[in-house]
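Worksheet for the structure shown next.
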Amino acid sequence: MNFLNKILIFLLFHSATFSEAEINLSLNSDSIWRGITQNNGESTIGANVIFSLDNGFFSGAWIENCCSETSSYPTKEIGFFAGYEKNFSDNLALSFNYIGTNYPNSKIDNFDEIELNFSFYDFEISYFKGLDDFPDYYEIFYKYDFLNNSLFLIYGDFESFKNDNKSNGSNYSFGIDTMMKGFTLSFYYYYFNANDSRDLDDDGIVFSLSKMTTF
């Protein structure tokens, strides 16, 4: 039994009852991960579920039909996470969680990370510590809410994985989320600036439509 499964069992059987559960379904024009397309511009469908506990612990999972950039790539991504969040005030929080990303038909691409996230008012700073030689990543996120909209700006930096220079670089994105009759419409522009060669730079526009249900 791996470390993540132990955490999930601990949360389910030794913690307080669930205070909230969320299910989110999404349709995306592409799958962008840290500024890099995972689906070669093709649309994807995704779903995720999050369980939040009264004592600050949380766990969840996601699935997406992404990552088929070429015929040799996996065609499905499944992930699990579990952690703890401490809210010091309405505008200050710190969280720590373990993330496992899995590809059922390409297990050599599986990777695990530990994330430390600090949020302060409209800013978030996230640091991902890669396990088993997976590279580290950090990201700065800013969000400004107005009316039924949210404007967001993101900057992140990622080192190469398995000497694949296509993943070595920084990424920028900005966009807007709009709430409409219970749905969220997202529109954003992303740009990937490769450290190795300008030929590996990439950019594009992504649309996403999602629906969240809380129970």
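The values are calculated or read from the model by the stated rules, or taken from the named source; none is laboratory data. Just so we're clear, the structure is a prediction, and the values are computed from it rather than from any experiment. Neighbour counts are summed over all protein chains in view; Cβ atoms, including those assigned to glycine, are modelled from backbone coordinates with ideal geometry.
Looking only at the stretch 115-122, decide whether some residue is of a type in the set (Asp, Glu), assigned to a loop (DSSP other than H, G, I, E, B), at pLDDT 90 or above and surrounded by 14 or more Cβ atoms within 10 Å (Cβ to Cβ).
For the stretch 115-122, residues of a type in the set (Asp, Glu), assigned to a loop (DSSP other than H, G, I, E, B), at pLDDT 90 or above and surrounded by 14 or more Cβ atoms within 10 Å (Cβ to Cβ): present.
Return the residue satisfying two criteria in turn: it lies in the stretch 188-207 and is surrounded by 15 or more Cβ atoms within 10 Å (Cβ to Cβ) and of a type in the set (A, V, I, L, M), and of such residues it is nearest to Ile154 (Cα to Cα).
Among those that are surrounded by 15 or more Cβ atoms within 10 Å (Cβ to Cβ) and of a type in the set (A, V, I, L, M), it is Val206.
Taking only the stretch 123-164 into account, find how many residues are among the hydrophobic types (A, V, I, L, M, F, W, C), under 30 Å from Asp90 (Cα atoms) and assigned to a strand (DSSP E or B).
10
Only residues in the stretch 188-210 that are closer than 14 Å to Ser31 by Cβ count as the first member; pair them with residues that are crowded, with 17+ Cβ neighbours inside 10 Å and among the aromatic types (Phe, Trp, Tyr), Cβ under 7 angstrom, at least 6 apart or cross-chain, and list the lot.
Close Cβ pairs satisfying both conditions: Asp202/Phe192; Gly204/Tyr190; Val206/Tyr188; Val206/Tyr190.
Can you name the condition, by its number, that Phe80 falls short on among (1) part of a strand (DSSP E or B); (2) free of Cβ contacts under 8 Å to residues at least 12 places away in the same chain; (3) within 24 Å of Gly46 (Cβ to Cβ)?
The single condition Phe80 does not satisfy is (2).
Looking at (1) surrounded by 14 or more Cβ atoms within 10 Å (Cβ to Cβ); (2) closer than 25 Å to Ser43 by Cα, which is the only condition Met180 fails?
(1)
Criterion first (in contact with a Gly (Cβ under 6 Å, 6 or more places away or on another chain) and loosely packed, with under 14 Cβ neighbours inside 10 Å) does Asp112 satisfy it?
no
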